[in-house]
Amino acid sequence: MNIFMTNASGHVGMAVAAELAARGHAVVALARSDASAERVRAAGAVPVRGELADPDGYLDHARRADAVVHTAFEYAADGSERTALDLLAVRRLREAVGDAGHLIY
């Protein structure tokens, strides 16, 4: 199964990506920096450079996947939650997977 993840470099996302890869799934994951890309590779996934705030940069990967796992979440510089960004990402990912797709949040 081909899986697209919005993050596989954080604590939760890295554990999920590693388990999926260990079970034989092909995992592609969004990474916004070189350091994040290295952590994605260490989890057994293929990094795709991009930003959660720029869905057009990663939605093609979501459309081609059998399932999408959304584990990304961003905080503002002041520590507040960027819930509007998360809502945008979830809506766009849901559109990308369509009615027959799987979005795990």
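The values are calculated or read from the model by the stated rules, or taken from the named source; none is laboratory data. Not measured: the values here are computed from a predicted model. We place every Cβ from the backbone using ideal geometry, glycine too, and count neighbours over all the protein chains shown. Surface areas here come from the heavy atoms of the whole protein model, side chains and all, with no ligands, DNA or RNA. Shrake-Rupley method; radii C 1.70, N 1.55, O 1.52, S 1.80 Å.
Restricting to the range 16-35, count the residues that are touching a residue at least 12 places away in the same chain (Cβ under 8 Å), open to solvent by 10 Å² or more (accessible area, probe 1.4 Å) and part of a helix (DSSP H, G or I).
Qualifying residue count, the range 16-35: 6.
Could you please find all residues in the range 1-15 being hydrophobic (A, V, I, L, M, F, W, C) and open to solvent by 30 Å² or more (accessible area, probe 1.4 Å)?
So the first thing to find is which residues in the range 1-15 are hydrophobic (A, V, I, L, M, F, W, C), and the list is 1, 3-5, 8, 12, 14-15.
Once the filter is applied, which keeps residues that are hydrophobic (A, V, I, L, M, F, W, C) and open to solvent by 30 Å² or more (accessible area, probe 1.4 Å), the range 1-15 yields Met1, Val12, Met14, Ala15.
Identify the single condition in (1) of a type outside the set (D, E, K, R); (2) buried (at least 17 other Cβ atoms within 10 Å of the Cβ); (3) not in a helix (DSSP H, G or I) that Ala53 does not satisfy, given that it satisfies every other one.
(2)
Of these, Tyr58, Tyr75, which one is surrounded by fewer than 12 Cβ atoms within 10 Å (Cβ to Cβ) and under 15 Å from Asn7 (Cβ atoms)?
Working: Tyr58 fails: surrounded by fewer than 12 Cβ atoms within 10 Å (Cβ to Cβ).
That would be Tyr75, the only listed residue that is surrounded by fewer than 12 Cβ atoms within 10 Å (Cβ to Cβ) and under 15 Å from Asn7 (Cβ atoms).
Which of (1) open to solvent by 40 Å² or more (accessible area, probe 1.4 Å); (2) touching a Phe, Trp or Tyr at 6+ places or on another chain (Cβ under 9 Å); (3) outside any loop (DSSP other than H, G, I, E, B); (4) of a type outside the set (S, T, N, Q) does Val48 not meet, given it meets every other one?
(1)
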